[in-house]
1. One residue is enough: does region 146-158 have a residue meeting the conditions assigned to a strand (DSSP E or B), touching a Ser or Thr at 6+ places or on another chain (Cβ under 8 Å) and open to solvent by 40 Å² or more (accessible area, probe 1.4 Å)?
2. Cβ-Cβ under 7 Å, sequence separation 6+ or interchain: first residue in region 135-149 and within 11 Å of HIS110 (Cα to Cα), partner open to solvent by 40 Å² or more (accessible area, probe 1.4 Å) and not aromatic (Phe, Trp, Tyr). Which pairs?
3. Where the second residue is of a type in the set (A, V, I, L, M) and the first is exposed (fewer than 12 other Cβ atoms within 10 Å of the Cβ) and lies in region 160-176, which pairs have Cβ atoms under 9 Å and are six or more apart or on separate chains?
4. Taking the condition of being farther than 19 Å from LYS177 by Cβ and assigned to a helix (DSSP H, G or I), how many residues in region 90-115 meet it?
5. Exactly one condition in (1) buried (at least 18 other Cβ atoms within 10 Å of the Cβ); (2) in a loop (DSSP other than H, G, I, E, B) is not met by SER190; state its number.
6. Just checking, which of THR56, THR39 is farther than 18 Å from THR114 by Cβ and either modelled with pLDDT of 95 or more or touching a helix residue (DSSP H, G or I) at 6+ places or on another chain (Cβ under 9 Å) (or both)?
7. If I ask for residues that are under 20 Å from the mean Cα position of the chain (by Cα) and either at pLDDT below 95 or among the aromatic types (Phe, Trp, Tyr) (or both), which ones from region 79-106 would you list?
8. Assuming MET112 fulfils every condition listed in (1) of a type outside the set (S, T, N, Q); (2) surrounded by fewer than 20 Cβ atoms within 10 Å (Cβ to Cβ); (3) over 19 Å from THR56 (Cα atoms); (4) in contact (Cβ under 8 Å) with a residue 40 or more places away in the chain apart from one, which condition is it?
Amino acid sequence: MHDAPRALQSPQQNFGFPPPATRLFLFRIAARAPIDYVTRMKAEDVTMLDNFPRGTIVIEELEIGMTRHLNKVVTDEDIEMFAKVSTDRNPVHLDDDYAQDTIFEGRIAHGMLTAGLISAVIGEQLPGHGTVYLGQSLKFLAPVRPGDLVRAEVEVMEIDHAKRRVKLDTRCLVAGKPVLKGEATVLAPSGKFD
């Protein structure tokens, strides 16, 4: 990988463009994507509320310690849609009066809705498109409430190139405090086979 030209390394001279490493990653995505997809990409597809761009990092390019994240505000609509899709209509998620009398003293999001953000990072960013989930452990540490900004983070911990297996550290935070942690094992896409 080549360093970006010195003029692009200074944040003052980036003129609002992503940092050089991100631009190189976007170039790699564009080089692999069908031309009609690349021409339809919009600025919001790239920035995603300060998240990393979507795409694929093949196992040959993964490195221990590599991280990706996304930020998402959990809304009432998200909770209602998750309840509808999952059929989990527990009133602690949907009924203000009921939830007020629980240990949470108010409504909370479904734990698996929060965990779904981890799936989004894995399936869209690290390793990204073509990744197959093999397993996930989860520990819920604190509730997520409607209106909370959740940061879902994924970090590469181990890589088994022969089996195309990758172990990932997974976590979600609200205001810098962990609300969920776990580990995922995935089958990563390969530039040689996919």
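1. So far as region 146-158 goes, yes, one or more of its residues are assigned to a strand (DSSP E or B), touching a Ser or Thr at 6+ places or on another chain (Cβ under 8 Å) and open to solvent by 40 Å² or more (accessible area, probe 1.4 Å).
2. Here the result reads PRO146/THR75; PRO146/ASP76, each pair linking region 135-149 to a residue that is open to solvent by 40 Å² or more (accessible area, probe 1.4 Å) and not aromatic (Phe, Trp, Tyr).
3. Going by the 9 Å Cβ cut-off, the qualifying pairs are LYS163/LEU187; ALA175/LEU149.
4. Residues that pass the stated criteria total 10.
5. (1)
6. On the way: THR39 fails: either modelled with pLDDT of 95 or more or touching a helix residue (DSSP H, G or I) at 6+ places or on another chain (Cβ under 9 Å) (or both).
One residue alone meets the criteria, THR56.
7. Start the filter on region 79-106 by keeping residues that are under 20 Å from the mean Cα position of the chain (by Cα), which leaves 79, 81-82.
Matches in region 79-106: PHE82 only.
8. All conditions pass for MET112, except number (4).
The values are calculated or read from the model by the stated rules, or taken from the named source; none is laboratory data. Since the structure is predicted, the reported quantities are computational estimates derived from the model, not experimental observations. Note that we place each Cβ from the backbone using ideal geometry, even for glycine, and neighbour counts take in every protein chain shown. Protein only, heavy atoms only, side chains kept; ligands, DNA and RNA dropped before computing areas. Shrake-Rupley method; radii C 1.70, N 1.55, O 1.52, S 1.80 Å.
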